[in-house]
């Protein structure tokens, strides 16, 4: 396998980004975090990209932050700036990010998974939040995102114990959308990326933005924001474009039923 710590492959409009430190369980060193941010910045500037699949090489998605290195550079990872600010780097990416969780996603690796828009998992995937056990406060969103996804009681159970969560339970709890056999995970994630990429590009990007921005504010304010964005978008919609899109959607639906 290549010596590059981040690999990028293309399947049409879908980019497959693979964390490539398998011997270190893809631990998130400063160099790897920097390369991830750089990769997503470059993909954001590529006019042909419409979705990204993020996965890991070997038996881990990522086992989290390189703690030995962090002991020398600092543990306030949420305060990372510039070229290694992983949270801001992925949040700024305009297209859907599909996390293909192929193995361990632990602590900082769990946080990286939660930066994705959609999660699919291998049967061998395992999630764990060990922040409380290693004595580090999360800084990439886990303490807030996890409870919103699976409920506060389940989130507290995971975060207060550090216990592993298997893929089947993660699916049942709503953390991951679907679970696949290991060799089926990446093809399924790529296909999902193509499904998303087949939507109107501007609509796809704007829809992701309105969901993410609405999720971060009170529900009443989010509803008002949706109405405002809907009216702004409707000003550029024609009856002809809607009819053409309707026919395309109908044809696609017939194909999926066949």
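The values are calculated or read from the model by the stated rules, or taken from the named source; none is laboratory data. A quick note: this is a predicted structure, and the numbers were derived from the prediction, not measured. Positions of Cβ are generated from backbone atoms using ideal geometry, with glycine treated the same way; all protein chains shown enter the neighbour counts.
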Open item on the list: On the basis of being at pLDDT below 95 and either assigned by TED's automatic domain parsing to the domain that holds residue 125 or surrounded by 12 or more Cβ atoms within 10 Å (Cβ to Cβ) (or both), does residue 194 make the cut?
Closed with: no
- [ ] Output the helices (runs of 4 or more DSSP H) that fall wholly within region 1-120 and possess 3 or more residues being modelled with pLDDT of 95 or more, or say none.
- [x] 30-44, 108-114
Task: Selection status of residue 53, crowded, with 21+ Cβ neighbours inside 10 Å, touching a residue at least 40 places away in the same chain (Cβ under 8 Å), in the same structural domain as residue 126 (by TED's automatic domain parsing) and under 16 Å from the mean Cα position of the chain (by Cα) - done: yes
- [ ] Kindly indicate whether residue 143 is modelled with pLDDT of 95 or more and farther than 23 Å from residue 211 by Cβ.
- [x] no
- [ ] Could you figure out which of (1) in contact with a helix residue (DSSP H, G or I) (Cβ under 8 Å, 6 or more places away or on another chain); (2) surrounded by fewer than 12 Cβ atoms within 10 Å (Cβ to Cβ); (3) more than 27 Å from residue 14 (Cα to Cα) isn't true of residue 155?
- [x] (2)
